[in-house]
Every structure is written in structure tokens, then in C-alpha cells.
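Taking it in order: structure first as C-alpha cells, then the write-up.
Taken together, the values in this text are just the output of simple stated rules run on the coordinates, not laboratory data. Nothing here was measured: the structure is a model prediction, and the numbers come from that model. So basically every Cβ, Gly included, is an ideal-geometry build from the backbone, and we count neighbours across all protein chains shown.
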Amino acid sequence: MAEDLEEIHYSLRITLDVMDLLRAIEKYFGGNANYEKGKGALFMNWMGTWHKKAYLYGVSRACGGNRQDIGVEGAIAVFMNLPYYLEFLVWRIRCGHDTGILERNLFLMLSSVEVVSFLRVL
């Protein structure tokens, strides 16, 4: 995988560290991360419009420290929320919004997670 990772431009900040993925998700999708480029409020509004009855699992304080159980707790939330995260990101990209590094990073990382989880089911 290291060789494949080298083919991705370094500016997208793609890593194999689960904690980096969880922090990026909390920054972008979380409403309490106070990250200027995050879309937490917009995401929640979008969920209320298109997926009113869906339940979103909370990513367990990924930006609030460095505990080793965050990866285990957060992985479940990401896996359960994955279809909504990807649908929202695709919607943003297709609507012609100027996507930043964080959005492109999340799209690549989460679409990779989706492919890996799909292949494991087979």
C-alpha cells in the first residue's frame, strides 16, 4: 500500500492513520469542532432535508485528545455513517462547490473505506 500511497499527491494529506481520518471527519462533519472550513451545520441541515429518519452515530471526540480507544469507537460510527458522508460529499462536488483539501481528502479516504468494506462482504 505504501507504493500506492506515493502516487497520491502529497497536498491531499492522505495517510493510513485512522486517527487522522477520524479527526478530519469530526472537523468537517461535526458541529462542535469549531473548524472554519467544516460543514457540520450544513451537513445536519442536509440530513434533515434528505434523510429525516436516519440516525447518525457520533464520532467519539476524535479532536479532543489522543486516547487509544478513539479508533475503535470512531470506526463503528464512520462505518455506520459512511453512506451519508459520501452522499453529502458527492452532492457538494456535483453542485460545483469549490472543494478544499479537507473535502477532497475525505472523499478519497471514505470512498476507499467503502470499497474495502464492500470487498470484505464478498
* Structure fact -> Net charge (Lys, Arg +1; Asp, Glu -1) of residues whose beta-carbon lies under 12 Å from that of L42, L42 excluded, is +2
* Asked: So what are the ³J(HN,Hα) numbers for the range 100-107, from phi and the Karplus equation (6.51, -1.76, 1.60; θ = phi - 60°), rounded to whole Hz, Gly and Pro as x?
  -> x, 4, 4, 5, 5, 4, 5, 4
* What lysines could a cross-link reach from K37, if we take a straight Cα to Cα line under 20 Å and drop same-chain neighbours fewer than 8 places away? -> K27
